[in-house]
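*Asks:* So that we are looking at the same thing, I have put the structure below in C-alpha cells.
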Amino acid sequence: MTKGIAASPGYAAGPVFRLQEAELTTPRHTIAADGAEQEWTALQEALERSKADVRATIQRVAEQVGAEESAIFESHLMILDDPTLADDIRAEIVANGKNAAWAVDEVFGKHEALFAALDDPYLKERASDFRDLKKRVLRHLLGIAEATLESLNEAVVLVAYDLTPSDTARLNPQTIKGIITEIGGTTSHTAILARNLQIPAVVGCPEITKLLATGDLVALDGCSGEVICHPTPAQLQAYQEKQAAFRAEKERWQASAKALAVTADGRRIEVAANIGSPAEVKAALEHGAEAIGLFRSEFLFLERDTLPDEEEQFAAYRQVAAEMAGRPVIIRTLDIGGDKQAPALPLEKELNPFLGLRAIRLCLEQKALFLTQLRAILRASHYGKLRIMFPMIATEAELTQALAVLEEAKAALRREGVPFDEQIETGVMIEVPSAAIIADKLAPYVDFFSIGSNDLIQYTFAADRMNQKVGYLYDPGHPAILRLIKQVVEHAAAHGIWVGVCGEMAGVPEFAKALIGMGVQELSMTASLIPRIKHEIMQGRYREWAEQVRQAL
Ligand code: PEP
Ligand code: MG
C-alpha cells in the first residue's frame, strides 16, 4: 500500500489507464532578425487557437459541471488575453532572437516558477494553470495533438504524473472511476474539479507512475489517500462495495440538504457555508446553506497589482447579498498579511508573519483601506442581510477602534444620503486565544461571535497549521480547545449574543456534535459538507451531545 493526499472523497477499484504525456520537447534556436515577424505571427495564431480551446472548455464545463467550475477557465482566458504576457513573449522573439516556442517556454515557465515558489498553498497551485497553458500554446505551435481522454470508454482509474485542469475537465465521470496523480495538492484546480465531478481522487502520491502501468489493477480511497497497487480480488471487491455504500450514503445526506437543521430533540442549528468569492454562492445554496457564515473577502485583493476600489468591492458584496435573497451573509473584513499577500499592498518582510501585521492589525494601521471596505459593505447592506465580522481581534482596544472606524464610515454615508442597513450586525472572529479568554469583555460590543478554530488551534498550541511535522498538535478535540470554546459560549450567553464556528472543525461530524453540545448555534463550513452535517444534526439529540462534552471536559 502507498499513500498520497486525499483530494476527492469516494472509493474506486479497477484497471489502470496510465496517461502518457506526449513528450513536449521545446525546440530552441535563434532566429535571424528578418524571421522575427514570421515567428510572432505563428505565436499569435497559436494564442488564438488556444483561446478558442479554452472558450470551448468554458462552455462545456458550464453545461456539464457548473458555472463555478467553468470560472477556473475564465482565469485561463484572462492570462491568454493579458497584453503584458504577449509583450514579454514578443520581446523574447524580437529583442532576444528566440524562436516562438522557446519564447513561450521562457515566459510561461517564469510565471510557473514564480507561483510555485510561493508559500500560500492556494497561490502555489496556480503554477499548474501556467503549466497547463504553456503546454496548450506549445501544442498549437508545434502541431501536436492532445491526448484523447474523452474517448476512453472503459471504466478505468486514471494514473498520471500530473493532470492539468484542462485534462480533468475533459474526463467523463461515467468512465473515469478514479484519479491518482504523482504531484499536486488539495487546493489545485484539478482537485477542485475532481470533487465537483464527484470522481474519487488521490494526489501527490509518490512514485505512482513507476508503480503502475496501463492494465494493472489498483484500488484507491479518496477519503484517506490510501492506494493499493495490485489488490487481491477480495480487496478489489471490498473497494467496489465501499464505493456503492458511499454513494448510497451521499444520497441519504443529500435528502437532508434542503431541510432546516433541527436536532431530534428540537434544537435549531443554523448551517451555513464558507465562501471565497461571489461565484460560490450558487453551489452553497444547492448544498443547502441557510446563510453565508464566512465570506473571506480577500479574494478581491489577491493575484492582482492594483487595489479594488470601493465600487468594485461594493459590486461584489451586493451580488452576494442579492443572490442570498435575504438570508444572512457574514462578510469578514480583510484578512491579508501572514501567508496571504496582496501584491498591491507591499508589506514589510516580517520574521514571524503569522504573529505580525495581519488582518485587523493591518486594517487599523491602513485606515483608508479599511474605510473603503467598510463603506462598500455598508452600501451593499441595503440589498440584503449583511453582517460585518472583524478577524484576528486580540484585545478590547482593537475592537473598539474597529467599531469606531465603522461608525465613521456610517456617518459619512449618512451625510452623503447613501442608504445602508442601520441595524447591521457586527461580530468578532474568535481566533486568537486572548480573545477567547476575554470574551466577556468583547461580548457587550457586538451581536455575535464566530470562532475561527483553524487559527484558534494554531495559536493555542503554537503549531503552524500548515506544517505537517507539528500536525500532531493540531487537535480540535483537545480539552485545551474545548475549554476555550466552552468559555466563549458561556460568556456570549451571559451577554445574550449568539456564537457560531466557521473553522474547519464545524464540518467534521464528531466535532460538530461536540460544538452543538457546548451551545454553539451556527456552524459554517465548505458547502459540500453541509448535507452530511445537516443529516447528523437531524438524526441526533442535543441533550446527549451536551452530556457527552460535559463528561469529556
Ligand atoms: C479560521 O481561522 O478558523 C478561519 C475560518 O479563517 P481562515 O481559515 O481564513 O484563517
Ligand atoms: Mg483565521
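*Asks:* Whether any residue in the stretch 419-433 is under 26 Å from VAL501 (Cβ atoms), of a type in the set (Asp, Glu), more than 16 Å from ligand 1 (Cβ to nearest atom) and over 28 Å from the mean Cα position of the chain (by Cα) is what I want to check.
*Replies:* Kept after step one, since they are under 26 Å from VAL501 (Cβ atoms), are these residues of the stretch 419-433: 421, 423-433.
Restricting the remaining residues to those that are of a type in the set (Asp, Glu) gives 421, 425, 431.
Filter once more, keeping what is more than 16 Å from ligand 1 (Cβ to nearest atom): 421, 425.
Remaining after also requiring over 28 Å from the mean Cα position of the chain (by Cα): 421.
Yes: one or more hits.
*Asks:* Report, ordered by the first and then the second residue, all pairs with beta carbons closer than 9 Å, sequence separation of six or more or different chains, a first member in the stretch 63-89 that is within 30 Å of GLU37 (Cβ to Cβ), and a second member that is surrounded by fewer than 19 Cβ atoms within 10 Å (Cβ to Cβ) and among the small types (Gly, Ala, Ser).
*Replies:* Final answer for the pair search is LEU80/ALA86.
*Asks:* Can I ask one more? Return yes or no: is GLY496 at negative phi and in the same structural domain as ASN274 (by TED's automatic domain parsing)? Break it down stepwise before answering.
*Replies:* Numbers: at negative phi: no; in the same structural domain as ASN274 (by TED's automatic domain parsing): yes.
Criteria not met by GLY496.
*Asks:* Could I ask something else about it? Can you tell me which residue is surrounded by the fewest Cβ atoms within 10 Å (Cβ to Cβ) among those in the stretch 477-514 that are away from ligand 2 (no atom under 16 Å from the Cβ) and assigned to a loop (DSSP other than H, G, I, E, B)?
*Replies:* Among them, the one singled out is GLY496.
*Asks:* Just to be sure before I move on: is LEU347 more than 16 Å from ligand 2 (Cβ to nearest atom), in contact (Cβ under 8 Å) with a residue 12 or more places away in the chain and of a type in the set (A, V, I, L, M) in the structure I sent? Working first, answer last.
*Replies:* On the way: more than 16 Å from ligand 2 (Cβ to nearest atom): yes; in contact (Cβ under 8 Å) with a residue 12 or more places away in the chain: yes; of a type in the set (A, V, I, L, M): yes.
Taking the combined requirement at face value, the residue satisfies it.
*Asks:* For a quick check of your reading of the model, give me the residue pairs whose first member lies in the stretch 290-303 and is over 19 Å from ILE451 (Cβ atoms), whose second is more than 9 Å from ligand 1 (Cβ to nearest atom) and not in a loop (DSSP other than H, G, I, E, B), with beta-carbon atoms closer than 8 Å and at least 6 apart or on different chains.
*Replies:* Here the result reads LEU300/GLU312; LEU300/GLN313; LEU300/ALA316; LEU302/LEU123; GLU303/LEU123, each pair linking the stretch 290-303 to a residue that is more than 9 Å from ligand 1 (Cβ to nearest atom) and not in a loop (DSSP other than H, G, I, E, B).
*Asks:* Oh, and also: For the stretch 454-477, check the following and say yes or no: at least one residue is within 26 Å of THR400 (Cβ to Cβ), in contact with a Ser or Thr (Cβ under 8 Å, 6 or more places away or on another chain) and within 15 Å of ligand 1 (Cβ to nearest atom).
*Replies:* Going residue by residue through the stretch 454-477, those that are within 26 Å of THR400 (Cβ to Cβ) are 454-456, 458-460.
Narrowing the set further to residues that are in contact with a Ser or Thr (Cβ under 8 Å, 6 or more places away or on another chain) leaves none.
Checked against the condition, which is being within 26 Å of THR400 (Cβ to Cβ), in contact with a Ser or Thr (Cβ under 8 Å, 6 or more places away or on another chain) and within 15 Å of ligand 1 (Cβ to nearest atom), the stretch 454-477 yields no hits at all.
*Asks:* Quick one: how many residues across the stretch 370-393 are of a type in the set (A, V, I, L, M) and surrounded by fewer than 18 Cβ atoms within 10 Å (Cβ to Cβ)? So that I can check it myself, show each step before the final result.
*Replies:* Filtering the stretch 370-393 for residues of a type in the set (A, V, I, L, M) gives 371, 374, 376-378, 380, 386, 388-389, 392-393.
If we keep only those that are surrounded by fewer than 18 Cβ atoms within 10 Å (Cβ to Cβ) too, we end up with 371.
Number of matching residues: 1.
*Asks:* Another question, then. Read through the list (1) away from ligand 2 (no atom under 16 Å from the Cβ); (2) out of contact with any Phe, Trp or Tyr (no Cβ under 8 Å at 6 or more places or on another chain); (3) among the hydroxyl-bearing types (Ser, Thr, Tyr), then give the number of the only condition that THR426 fails.
*Replies:* (2) is the only condition that THR426 fails.
*Asks:* Picking from LEU399, LEU369, LEU406, which residue would you name as being of a type in the set (A, V, I, L, M, F, W, C) and more than 23 Å from GLN319 (Cβ to Cβ)? Don't jump to the end; show me each part of the working.
*Replies:* Working: LEU369 fails: more than 23 Å from GLN319 (Cβ to Cβ); LEU406 fails: more than 23 Å from GLN319 (Cβ to Cβ).
After applying the criteria, what remains is LEU399.
*Asks:* For the stretch 183-197, what are the residues that are out of contact with any Asp or Glu (no Cβ under 7 Å at 6 or more places or on another chain) and part of a loop (DSSP other than H, G, I, E, B)? Outline the logic, then answer.
*Replies:* Filtering the stretch 183-197 for residues out of contact with any Asp or Glu (no Cβ under 7 Å at 6 or more places or on another chain) gives 186, 190-192, 194-195, 197.
Scanning the stretch 183-197 gives a single hit, THR186.
*Asks:* Right, another one. Farther than 19 Å from ILE269 by Cα, crowded, with 16+ Cβ neighbours inside 10 Å and in contact (Cβ under 8 Å) with a residue 60 or more places away in the chain, is that true of ASP455?
*Replies:* On the way: farther than 19 Å from ILE269 by Cα: yes; crowded, with 16+ Cβ neighbours inside 10 Å: yes; in contact (Cβ under 8 Å) with a residue 60 or more places away in the chain: yes.
It is true that ASP455 is farther than 19 Å from ILE269 by Cα, crowded, with 16+ Cβ neighbours inside 10 Å and in contact (Cβ under 8 Å) with a residue 60 or more places away in the chain.
*Asks:* Then there is this: Quick one: which residue in ALA527, ALA514, ALA480, ALA463 is farther than 29 Å from LYS340 by Cα and either modelled with pLDDT of 95 or more or within 29 Å of the chain's Cα centre (by Cα) (or both)?
*Replies:* ALA514
Per-residue answers, yes or no, for (1) among the acidic types (Asp, Glu); (2) within 25 Å of ALA273 (Cα to Cα); (3) away from ligand 2 (no atom under 13 Å from the Cβ):
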site	(1), (2), (3)
ALA435	no, yes, no
ASP440	yes, no, yes
SER450	no, yes, no
ILE457	no, yes, no
ALA463	no, no, yes
MET466	no, yes, no
LYS469	no, no, yes
TYR472	no, no, yes
ASP475	yes, yes, yes
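*Asks:* For the stretch 15-51, what are the residues that are surrounded by 11 or more Cβ atoms within 10 Å (Cβ to Cβ) and of a type in the set (D, E, K, R)? Don't jump to the end; show me each part of the working.
*Replies:* Of the residues in the stretch 15-51, the ones surrounded by 11 or more Cβ atoms within 10 Å (Cβ to Cβ) are 15-22, 24, 26-28, 31, 35-51.
Matches in the stretch 15-51: ARG18, GLU21, ARG28, GLU37, GLU39, GLU45, GLU48, ARG49, LYS51.
Here is a yes/no grid of residues against (1) over 25 Å from SER450 (Cβ atoms); (2) of a type in the set (Lys, Arg); (3) not assigned by TED's automatic domain parsing to the domain that holds ALA368:
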residue	(1), (2), (3)
GLU312	yes, no, no
MET324	no, no, no
ARG332	no, yes, no
LEU355	no, no, no
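*Asks:* Given (1) away from ligand 1 (no atom under 13 Å from the Cβ); (2) closer than 18 Å to ARG375 by Cα; (3) not in a loop (DSSP other than H, G, I, E, B), identify the lone condition not met by PRO308.
*Replies:* Only one criterion in (1) away from ligand 1 (no atom under 13 Å from the Cβ); (2) closer than 18 Å to ARG375 by Cα; (3) not in a loop (DSSP other than H, G, I, E, B) is unmet by PRO308, namely (3).
*Asks:* Which of the residues spanning the stretch 173-182 are in a loop (DSSP other than H, G, I, E, B) and among the charged types (D, E, K, R)?
*Replies:* Here is the first cut: in the stretch 173-182, the ones in a loop (DSSP other than H, G, I, E, B) are 173-175, 182.
GLU182 - this is the single residue of the stretch 173-182 that is in a loop (DSSP other than H, G, I, E, B) and among the charged types (D, E, K, R).
*Asks:* Sticking with this one: Is there any pair with a first residue in the stretch 365-391 that is without any contact (Cβ under 8 Å) to a residue 12 or more places away in the chain and a second that is within 16 Å of ligand 2 (Cβ to nearest atom) whose Cβ atoms are under 8 Å apart and which are 6 or more apart or on different chains, and what are they?
*Replies:* If the second residue must be within 16 Å of ligand 2 (Cβ to nearest atom), the pairs left are GLU365/LEU357.
The values are calculated or read from the model by the stated rules, or taken from the named source; none is laboratory data. Computed from a prediction, not measured in an experiment: that's the story for all the values here. Because the Cβ atoms are built from the backbone with ideal geometry, glycine has one as well, and the counts that use them run over all protein chains shown.
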